[in-house]
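The next block holds one structure in the form of structure tokens; read it before the comments.
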Amino acid sequence: MNSVLAARGLVKTYGEVHALAGVDIDIKAGDVLAVVGPSGSGKTTLLHVLSGILRADGGEVFLDGRAIGELNETGRSALRRTAFGFVFQSGMLVAELTAEENAALPMLLAGGSREESLGAARLWLTRLGLQGMEKRRPGELSGGQAQRVAIARALAHRPRVIFADEPTGALDTRTGQEMMTALLQAAEETNAAVVIVTHDKAIADRALRVVEIQDGRIAAGVSA
Amino acid sequence: MRIALAVLRRDRRSQVATVLVALGVMIAVSLVLWLVAAPNGLQARADRTAWRDVVGQSDKGAISVAMNRDSYDGKLIERFDVARNEQGGIKVAAGITKFPEAGEVLLSPALADLVRTTPAEKLGNRFPGRLIGELGPEALKFPGELVAIIGHDKVENGFPAPGLEGGSGSYRDDYHGMLYLLTRVGLVVLVVPCLVLVASAARLTAAKRERRLAALRLAGASPRQVVIMTAVETAIGAVAGSVLGVVLAQPFSHITAKVPWEGGTWYPGDFVPAPAVVAAVAVLAPVLVITAAIMGLRRVVNRPLSAEEKRKVRSWRLLTIAGAMGVFFLGILYAQEAGGDSQFTVVLLGLGAVAFALVLAGPVLTAWVGRFFVGRWRTPSTLLAGRRLSGDPVAAFRGSAGVVIAVFTGSMALTMLPGLESQVPYRDGTWNENAIVAEQVTHDVTPLRLATSAPIVTMLEGKVSTGDKSDDGSYVIVGRCADVAELLTGLTCRPGPAVYASAPLQGDVFESMGPHDSVTAKLPAQYETRPFEGTSRVQVVVDADLLPTMAGKVSMVGVPTTPENRDAVHTALIGTLPGVRLVDGELRELWGSTLMDDLQRATVIGLSIAAVLGGIGAAVSAAGSVIDRRRTFGALIAAGTPIRVLGHALRREVMLPVFAVTLAACGAGIVVGLGLLTLARGLVGHGEMPITPWVVAPVGVGLVVALVAALACGPVLRGISPRDYAAE
Ligand SMILES: Nc1ncnc2c1ncn2[C@@H]1O[C@H](COP(=O)(O)OP(=O)(O)OP(=O)(O)O)[C@@H](O)[C@H]1O
Ligand SMILES: [Mg+2]
């Protein structure tokens, strides 16, 4: 099966610092890839380059075989809201919006109608065990609940790849594991690939593949 | 303290905020100093012109003075005909070289120049005599004022006075009361946007600071240390701003001195506030700002791990508008009863209450607008804006407070101005427009006949009654009908002696009136009464032939003029009948239009400053609201939200509450304007209340200002990188 997302020889430098120094990676549909490595090794940078938030200084990222480096910011922005989904460390939900509106936001931004988007959002919130909390604000949710809203948001528009940068970083171990379960289940249902950056060994263990980054290079690619 | 300084040195956002705080405080301080100094300016003028208020101090005096207002070429001339009544030195005020004896003339420099460059028969002959000197600035109301003091043997209509010197002047007449009121209203209107600016600037760092301080608290910093740090950070900006403001007030007062009021500009020194006031403002402003910053921090300091709180606004805030309106109108009622100084204070308190209530109620309206859009959004930008407005209405409204106050005042002014216009002195239409009439004439009119070839109409005022003491009688003018008809509007004569009146006269006893001793005569038993509708002042004209014994007696002189000889006739009348009061249409219109021009100019200047300040405040506040939510926006952009959509939402967020609240402010402005107009009408006694569509113009201006402010979000938004979600 062909890769959904592939990267060849990615290089990203900040002045002297080589945040990425030649990274190759292939991600297939339904893949769950954990990126691990010491602090400052380049994990976040890799995630940003793969998702088109950052432009690589060298190398290329391919989505379904198309190079995304050729796209301008508007094109990459469109890509991010249609083909990709994001789960950030502390949810990063819009504080004023309700849970369902937060989850529906990517679909709305992609031009979805109000009913359709909210309907899909509610469906996902229910699947993630958040029924009854659709009208709550992020401030009225626990950290784990907020993170599940973030998963619903990342999945509601059925993206090809979900990127998660330390999604469990702000959660305790048990809640973190629950969140992982929810994320993996949901991704499986939509056949989305998951790229997850984590420090947590227990979280990384749940991935199908683990990639270890050191000084901007892939030190070891362990397949499970 | 050292940490605060270190932060300031490194963090660009703290620097920007500090500069903005300094800017806000600076503008506020110099504006306050300026507005506080305005009464000083009036006092300075009043002190310099105190020598003109000497009349009426005693029944007998060393001199006689007749004061009159005259005009030439659209400029007002203050004219003083004086004569000494006894020998000896006569006290004169500073700026008056010496008391002018008969045949001597003192002119202000500007008038002297004008006389030099104008043909004598048009202007110079109004001041017969030898020019012995020019009046110094100490005796003039403003630079370029036209003043003349003319010495005579005897002043026919003079009032006794001890000399040309007064005590300290008082400026509390109507006209000055107006400026007093304007500056006080201005104080509210201009200081509020300044406060918004300072508050928004302080908030620029607040969100970040709160997080940093919370971290410091967790790290074990004592609340005291935390508070001191904040105080230091804010103090730097506030103190610098205050010092700059005081320094800036100096050149500022010179600019202000160029703004004309009551016919002239000011002397630069007029607008200098008392040192104690300067010191008080300079110290109070930063203290207030720092106190506000510390108060705002108390929340963080007391609860290091405070979660995001939901800010609820309650609808009772709306009631405050009704309450404030009530206070305002009670104030008006009270003011109509009371009069005097307390009148203004009460009205101002009411006005302040209304402005304050608007600011209080603003968030409620904002929340309503938000809820309205949350109910029926179709696009994500409407959803985002609507939720923001209903979610944190206080923050969403804060920035527009200045604009709202400006709109409130603007509609108030636009409601009042046309109404005031109808109240200022106007031509009463008694006399034809081409007529110049001298009232209170006791003089010999022979010199006048010599001085001009124009036809001269002499008239005698008096009343006709039954002769009973209780009978007030009717006011009549005695003169040759054909001549009087040249001056009086609406009088048509036919040959033969008659009385011209709308109804037959009651009684036949004529008694003359005017400045000279009264004489009586009897009307013939039979005479014809011909129709005359009458003007506002003159209802009855009696042909001179009906009262032959009154021949030669004069109390009014009128001259029908042509555009060519008007100035010359005017000059001849003034020059040969010293001390008379002239009724010349030009003069009255001049007076009225000066007042209107002054009001309009003051309003325009004040509102422009308010609009600009409001705009800056709104822009800083809008930019601050974006910076506050930088991480959220960063995450949205990372997840693919087009900046365009965010920009759209932000613009709605700024515009919608401004629109709703300015509409309310406009309504309040109209109501309050009408109230003030009622009060003014009570003072003046006439005037209509015309409302023009223009009163809603401030809403448009407010929206434009808000739009410009909203555009400030653009650059800030573009400055946000998608990776900002992980910042801090
Ligand atoms: N904007 C930037 N400017 C300069 N250097 C940067 C920037 N962003 C990252 N770096 C550097 O690039 C390297 C990789 O950073 P990156 O954030 O990818 O690390 P990371 O593996 O995600 O670390 P962590 O586990 O701590 O999150 C680091 O040395 C970092 O200092
Ligand atoms: Mg990282």
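I'd like to know if segment B:577-584 contains one or more residues that are at pLDDT 85 or above, of a type outside the set (D, E), open to solvent by 10 Å² or more (accessible area, probe 1.4 Å) and touching a helix residue (DSSP H, G or I) at 6+ places or on another chain (Cβ under 9 Å). Looking for residues that are at pLDDT 85 or above, of a type outside the set (D, E), open to solvent by 10 Å² or more (accessible area, probe 1.4 Å) and touching a helix residue (DSSP H, G or I) at 6+ places or on another chain (Cβ under 9 Å), one finds none in segment B:577-584, hence no. Of all residues in segment A:22-30, at least one satisfies being open to solvent by less than 40 Å² (accessible area, probe 1.4 Å) and within 16 Å of ligand 2 (Cβ to nearest atom).
Taking the criterion of being among the small types (G, A, S) and either surrounded by 12 or more Cβ atoms within 10 Å (Cβ to Cβ) or more than 23 Å from B:I456 (Cα to Cα) (or both), the residues of segment B:487-517 that qualify are B:G490, B:A498, B:A501, B:S502, B:A503, B:G507, B:S512, B:G514. Within segment B:641-662, one or more residues are touching a helix residue (DSSP H, G or I) at 6+ places or on another chain (Cβ under 9 Å), away from chain A (no Cβ under 14 Å), among the polar types (S, T, N, Q) and open to solvent by less than 20 Å² (accessible area, probe 1.4 Å). Restricting attention to segment A:1-15, which residues are near ligand 1 (Cβ under 9 Å from one of its atoms) and either more than 13 Å from chain B (Cβ to nearest Cβ) or open to solvent by less than 50 Å² (accessible area, probe 1.4 Å) (or both)? Hits for segment A:1-15 are A:K12, A:T13, A:G15. Listed by first and then second residue, the pairs linking a residue in segment A:37-52 that is closer than 14 Å to B:R723 by Cβ to a residue that is within 8 Å of ligand 2 (Cβ to nearest atom), with Cβ atoms under 6 Å apart and 6 or more places separating them unless they lie on different chains, are A:K43/A:V197; A:T44/A:D165; A:L47/A:D165; A:L47/A:V197. Of everything listed in (1) within 14 Å of chain B (Cβ to nearest Cβ); (2) open to solvent by 30 Å² or more (accessible area, probe 1.4 Å); (3) within 13 Å of ligand 1 (Cβ to nearest atom), the single unmet condition for A:D57 is (1).
Kindly evaluate A:L79 against the criterion of being open to solvent by less than 40 Å² (accessible area, probe 1.4 Å), within 14 Å of chain B (Cβ to nearest Cβ), in contact with a Leu (Cβ under 8 Å, 6 or more places away or on another chain) and within 29 Å of A:L128 (Cα to Cα). Criteria met by A:L79.
Yes or no, residue by residue, for (1) open to solvent by less than 50 Å² (accessible area, probe 1.4 Å); (2) in a loop (DSSP other than H, G, I, E, B); (3) charged (D, E, K, R):
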site: B:D70; (1), (2), (3): yes, no, yes
site: B:Q87; (1), (2), (3): no, yes, no
site: B:I96; (1), (2), (3): yes, yes, no
site: B:T118; (1), (2), (3): yes, yes, no
site: B:P128; (1), (2), (3): no, yes, no
site: B:K154; (1), (2), (3): no, yes, yes
site: B:N157; (1), (2), (3): yes, yes, no
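From the list A:S90, A:S39, the one residue that fits, being within 14 Å of another protein chain (Cβ to nearest Cβ), within 16 Å of ligand 2 (Cβ to nearest atom), at pLDDT below 85 and open to solvent by 30 Å² or more (accessible area, probe 1.4 Å), is A:S90. Screening the candidates B:L703, B:L679 for the property of being modelled with pLDDT of 80 or more and either open to solvent by 30 Å² or more (accessible area, probe 1.4 Å) or of a type in the set (A, V, I, L, M) (or both) yields one hit, B:L703. For segment A:101-134, filtering for residues that are more than 11 Å from every other protein chain (Cβ to nearest Cβ) and either open to solvent by less than 50 Å² (accessible area, probe 1.4 Å) or not in a loop (DSSP other than H, G, I, E, B) (or both) leaves 16. When A:G69, A:G52 are screened for being more than 16 Å from ligand 2 (Cβ to nearest atom), open to solvent by less than 10 Å² (accessible area, probe 1.4 Å) and not hydrophobic (A, V, I, L, M, F, W, C), only A:G52 passes.
The set of residues in segment A:159-190 that are free of Cβ contacts under 8 Å to residues at least 60 places away in the same chain and within 16 Å of ligand 2 (Cβ to nearest atom) contains only A:T168. Could you tell me whether any residue of segment B:465-474 is open to solvent by less than 30 Å² (accessible area, probe 1.4 Å), within 19 Å of B:D584 (Cβ to Cβ) and either modelled with pLDDT of 80 or more or over 43 Å from the mean Cα position of the chain (by Cα) (or both)? No, segment B:465-474 has no match at all.
Note on segment A:135-177: among residues that are surrounded by fewer than 18 Cβ atoms within 10 Å (Cβ to Cβ) and in contact with a Gly (Cβ under 7 Å, 6 or more places away or on another chain), the one that is nearest to A:G52 (Cα to Cα) is A:A170.
The values are calculated or read from the model by the stated rules, or taken from the named source; none is laboratory data. If you're wondering where the values come from, they're calculated on a predicted model, not measured in any experiment. As a convention, Cβ positions derive from the backbone with ideal geometry for all residues, glycine included, and neighbour counts pool all protein chains shown. Ligands, DNA and RNA are excluded from the accessible area calculation, which covers all protein heavy atoms including side chains. Shrake-Rupley method; radii C 1.70, N 1.55, O 1.52, S 1.80 Å.
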